[in-house]
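Here is the structure we will look at.
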Amino acid sequence: MKYVSTRGKMPEKSFTEVLVMGLAPDGGLAVPTRIPTLNEATLARWETLSYPDLACEIFKLYIDDIPQDTLKTLIRGAYNKTKFGSDDITPLRFLDEHTAVLGLSNGPTLAFKDIAMQMIGELFEYVLERNAQQLNIVGATSGDTGSAAEHAMIGKQHINVFMLSPHGRMSPFQQAQMYGLDEPNIVNIAVKGVFDDCQDIVKSINADADFKAKHRIGAVNSINWARILAQVVYYFKGYFAAKKAHPEQTISFTVPSGNFGNVYAGFVAKQMGLPIDKLVVATNENDVLDEFFRTAHYNVRPSPAVHETSSPSMDIGKASNFERYIYNLLGDDAAQLRALWQQVEQQQHFDFSEHQQALRASGFLSGKSTHANRLATIKATYETHQDYLDPHTADGLYVTWQWQARGELSGISICLETALPAKFEQTLEEALGHVPPRPAGYEHIEDCDKHVVVIDNEAEAVKQLVRQHG
Ligand SMILES: *Cc1c(COP(=O)(O)O)cnc(C)c1O
């Protein structure tokens, strides 16, 4: 399998080359030259596979420059009971006979990003070891990504992590998840500023080509193809689990969405031939994607226009992985894609209505949930099912209910659980008047010693830390 850029100006690369690449040199995103399709016999054979075995079958189709027994070892390092609490890795639970929740958040940092990040950690270490290279990951986080990345890189010999976060702006729980780590290869950096300031520093460091090359600066951001690939697996696993319980029903997924990475993985699974009925994109008040699916107009929002909400990991005005989806809808036509993204850059907008047919055929629905909707959904789900939802998952379930009530979502709806409520206790308290019990081992995490360097809002201070530790 070879990879090209959505913008069409990158020579073909192998999987391990795009793994450590970040953005393509032409500004695009790495995509496979074709998405492999499965026949019914293969799908039937996969139904009973364990999570790691299923992951292996899927990865093999996209990775041809890592030996298969090595790949198996890496997968077992990433996906095991010790890290994810059960052999299922992503257990499915039914709320009622039409609605289920796929538990993606039982990894070390209690959010679905662990699933991709744990695999990335294994893959990076293997490839860097093979190439006798070191990598300094410099990233910015407002919460979930940074902690998932740090926990995936613990103990890695070839990787240092320099993670920037906005000083005093993450929840105490999220701060403890990151700053509580005392690891020689992890440096927490709290920037006196907001998340955008952190991101600007990362951009400016990456724009300094000399520094970037000299210190081997890398990233683990949400555009990494390997993260998408890792996420494809649980759509198969969740589908098979639902089918086993209700063999005659159609099966759809609802995905609380921000950067479109999670739901794009579902679209890849669907293109591979997994018979997913609908993919439902749920947004919060930042409803750029919902607007697109309703109107075929894509209007990105600059950061100052992005609302701060109680489902903060979906507070995004420009969804990076959306580019891959549009590329596929255009029949992998890089020239047309380039023209649309030029419009995004110049006018923050494009009109996709002439492609209505491809859009409709892709099987997406969408909806939006607000603070009040999310609180009501958390409350109703607790009262009816004694089940605790995090605010992002509640957005997903709210949108699922809307479409079920309109009669346009039938069969089984699987809502992806993108985080556990323990990470967002303040919102749970607001919805329920109490906070849910925390998972074992997380009861007192705020009491730990904090390991974090507080710096002024300037790139030079980060460069200095990289020079010292990198
Ligand atoms: C990252 C994240 C999302 C959004 O996922 P995308 O892949 O960016 O669409 C939703 N919920 C939670 C809890 C997250 O951490």
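Tabulated data for the structure shown
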| quantity | calculated |
| --- | --- |
| Anisotropy class of region 206-325 from Cα gyration tensor, a/c 1.5 cut | oblate |
| Relative packing of 7-17, 309-319, 130-140, which averages over residues the other C-beta atoms within 10 Å, highest first | 309-319, 130-140, 7-17 |
| Estimated vicinal HN-Hα couplings, Hz - region 443-448 in sequence order (Karplus 6.51, -1.76, 1.60; Gly, Pro = x) | 4, 10, 5, 5, 7, 6 |
| Simple label model, 7 Å out from Cα along Cβ direction - residue 356 to residue 408, nm | 1.4 nm |
| Protection proxy ranking of 374-380, 180-186 - average other beta-carbon atoms within 10 Å, highest first | 374-380, 180-186 |
| Size of charge dipole - the chain - debye, nearest 20, with Cβ of Lys, Arg +1 and Asp, Glu -1, no other charges | 920 debye |
| All lysines inside 19 Å of residue 450 as judged from Cα atoms, apart from same-chain residues fewer than 8 positions distant | 192, 423 |
| Cα Rg over Rh - region 61-180, Kirkwood | 1.02 |
| The chain: calculated mean residue ellipticity at 222 nm from DSSP helix runs of at least 4, using -39500 (n - 2.57) | -13500 deg cm²/dmol |
| Label-reachable residues, region 123-141, where backbone N falls under 20 Å from a point 7 Å from residue 213's Cα toward its Cβ | 132-138 |
| Cβ-based exposure ranking for 257, 204, in which fewest neighbours within 10 Å come first | 204, 257 |
| Theoretical FRET efficiency, 1/(1+(r/R0)^6), r = Cβ-Cβ of residue 12 and residue 448, R0 51 Å, to 0.05 | 0.65 |
| Lysines whose Cα lies under 27 Å from that of residue 13, excluding same-chain neighbours fewer than 8 positions away | 2, 60, 72, 113, 156, 203, 212, 214, 270, 318 |
| Top positive-direction residue, dipole computed over the chain with Cβ charges, set 309, 331, 365 | 331 |
| Set of aspartates and glutamates near residue 81 by C-alpha distance (under 15 Å), chain-local residues within fewer than 8 positions excluded | 53, 114 |
| Least to most buried among 114, 387 (fewest other Cβ within 10 Å first) | 387, 114 |
| Dipole of the chain [Lys/Arg +1, Asp/Glu -1 at C-beta], most positive-end residue of 187, 35, 341 | 35 |
| Rounded if a/c under 1.5, otherwise prolate or oblate - region 303-349, Cα gyration tensor axes | oblate |
| Cα gyration tensor, region 39-130 - rounded (a/c under 1.5), prolate or oblate | oblate |
| Ordering of 337-349, 260-272 by packing [mean C-beta count within 10 Å, highest first] | 260-272, 337-349 |
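Every number here is computed from the coordinates shown, using simple stated rules; none is lab data. None of these values were measured; they are calculated from a predicted model. Here Cβ is always computed from backbone atoms with ideal geometry, including for glycine, and neighbour counts include all displayed protein chains.
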